[in-house]
Amino acid sequence: MKPPNQVSEAVRKLNPSIYGGAQADPLVNAITLLEKSKRIRQDQKPLMNKLESDWLNHLRTILPAGTLIHSQSWRVKIANGAWFKVDHCAFVAGRWMAWECKGPKQGKNVARGMLALKCAASSFPDVDWILVWREAGQWRTQKVIP
């Protein structure tokens, strides 16, 4: 360890408990470091789009109280190097159910998403896969056949 007079100012600021300074309290120093440093990369974008959020709110009203709904947390492997992330899934009445929300048919990448949904349904036939969309302000659903 270098003597206190040979240490840079940055090291002194990061280690006030060792080298003294205005923030000699370790708790204050730890809180300050937490506010300044970013050690892991974390996405700040919203987890779901508006359609998925609206469907989640609707699901909470139609499913039994206390049902745990997992949103954007289940990734299924549908082929070598190809993955599908389920919008919402829950364990209901002894079976897993997975809902995939899709916008208008002419939307960006909708056809590719439909194909991935069909592959997921074929790969995991024990799960009830349900396609969800909004039409004229009403929710429409269709069970995807494996």
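A short reminder: the numbers here are calculations on the coordinates, not readings from a lab. What you see is a predicted model, and the numbers here were worked out from it, not measured in a lab. Backbone-built Cβ (ideal geometry, glycine too); neighbour counts: all protein chains shown.
Things worth noting here:
- Descending by average beta-carbon neighbour count within 10 Å, the peptides 91-100, 130-139 line up as 91-100, 130-139, the highest first.
- FRET efficiency for the pair PHE91 and ALA136, taken as 1/(1 + (r/R0)^6) with r the Cβ-Cβ distance and R0 = 25 Å, rounds to 0.20.
- A full extension of the chain between ARG12 and ILE145 corresponds to an added length of 41.5 nm, given 0.36 nm per residue minus the alpha carbon distance.
- Kirkwood-based Rg to Rh ratio, region 50-143, C-alpha trace: 0.95
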